[in-house]
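Structure record follows, encoded as structure tokens.
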Amino acid sequence: MPNYIIRCLLLVPLLLFGVTVLIFLMLQLLSPVERSALYIRDIPKNEMAVQGVIKLYGLDQPVYVQYWNWLVGKVDSFGVRHGGIVYGNFGYSRTASQPVINLIKTRFPNTLDLTIWAVFPVLSVGIWLGVRAAVNQNGWVDQAARIFSIVGTSFPTFVFGLLMLMLFYVTLGWFGPGRSSDWAGLIINSPAFHHYTSLLTFDSLLNGRFDIFLDTIRHMFLPILTLSYISWATFVRVTRSSMLETLRMEYVTTARAKGLHERDVINKHARPNAMIPVITLAGFQVISLLGGVVITETVFNYPGIGAAAATAAAQ
């Protein structure tokens, strides 16, 4: 086990190097003039300004020099470093009119808050329904779980999100888009509200504002439901398959032969062993939830990093 961990840690620098090279090569698909013109707002583009940006960032240098400047930055004659992703300088966002690193600091906590709350229903409902489906194989619970998993894995996220938005917001008016109501936003942005963790749901509880917590959950409910829907289906399918395989094992048959109650056989003998692949899947699903926020945040106008990325890509 220690050797495996060491090998994984040694692969991290190589993986990061490969990612940076891939991203840099994608940027090279645009010419220096096209890349520098993105930073200039004047229409038509000022040729002198374009050449100034090219000179400032060394876009006229050889590719390996450009890669090094992009990685560690370029220091001008005044000692000011321009660029350098290893120093946290990811450039300037024209759509947000602020440095990208500041945009990440502002938006990523919102996305993390949404993802954390989406994990709870995925694990609880997915595991519970998968176990019930396996225990009652070919029963109505099993049939419903299988239909649910098939529909969930084949239903596009944006379609499901739009349906939820039309039903619960447009038709019923129960839940709203965005992050919070206007009255809650005034309190959140006031000096009296302390941002201990930058996660609004947790900060509202730490500030003793249960009303803001409920308002935040009300606005997050539909994004959480949409974000966790597909993961639910995956967890149900994997849990059901693992539980069915475990229930056929000899030690489970032995436990039943000893006269143990069926509840004890399932909860104490079968389910703990069936959870091994499910726990492994849980780690990957958290990353998957973070990757699925772009569509979900865009549909519900949720101010997270996914919506910011979608807005920037559309410009």
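The values are calculated or read from the model by the stated rules, or taken from the named source; none is laboratory data. Only a predicted model underlies this, so the values are computations on that prediction, with no experimental measurement involved. Heads up, the Cβs are rebuilt from the backbone with ideal geometry, glycines too, and the neighbour counts pull from every protein chain shown.
Key figures for this structure:
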item: Qualifying residue in segment 221-230 (condition: outside any helix (DSSP H, G or I) and farther than 15 Å from Ile127 by Cβ); result: no
item: Considering residues of segment 34-61 that are of a type outside the set (Lys, Arg) and farther than 17 Å from Tyr92 by Cα only, the residue modelled with the lowest pLDDT; result: Ile43
item: Residue match in segment 62-84 (condition: under 30 Å from Ser204 (Cβ atoms) and assigned to a helix (DSSP H, G or I)); result: no
item: Residue in segment 198-213 that is of a type in the set (S, T, N, Q), at positive phi and either assigned to a helix (DSSP H, G or I) or at pLDDT 80 or above (or both) present; result: yes
item: Inter-residue pairs, beta-carbon under 6 Å, first among the hydroxyl-bearing types (Ser, Thr, Tyr) and in segment 103-128, second not in a helix (DSSP H, G or I), 6+ apart; result: Thr111/Gly304
item: Failed item in (1) in the same structural domain as Ser198 (by TED's automatic domain parsing); (2) over 20 Å from the mean Cα position of the chain (by Cα), with Ala118 passing the rest; result: (2)
item: Subset of segment 207-220 [under 30 Å from Ile150 (Cα atoms) and in contact with a helix residue (DSSP H, G or I) (Cβ under 8 Å, 6 or more places away or on another chain)]; result: Ile217, Met220
item: Residue that is surrounded by the most Cβ atoms within 10 Å (Cβ to Cβ), among those in segment 269-315 that are free of Cβ contacts under 8 Å to residues at least 60 places away in the same chain and among the small types (Gly, Ala, Ser); result: Ala270
item: Members of segment 234-250 that are exposed (fewer than 12 other Cβ atoms within 10 Å of the Cβ) and part of a helix (DSSP H, G or I); result: Glu250
item: Test: residue in segment 275-291 that is touching a strand residue (DSSP E or B) at 6+ places or on another chain (Cβ under 7 Å), assigned to a helix (DSSP H, G or I) and among the small types (Gly, Ala, Ser); result: no
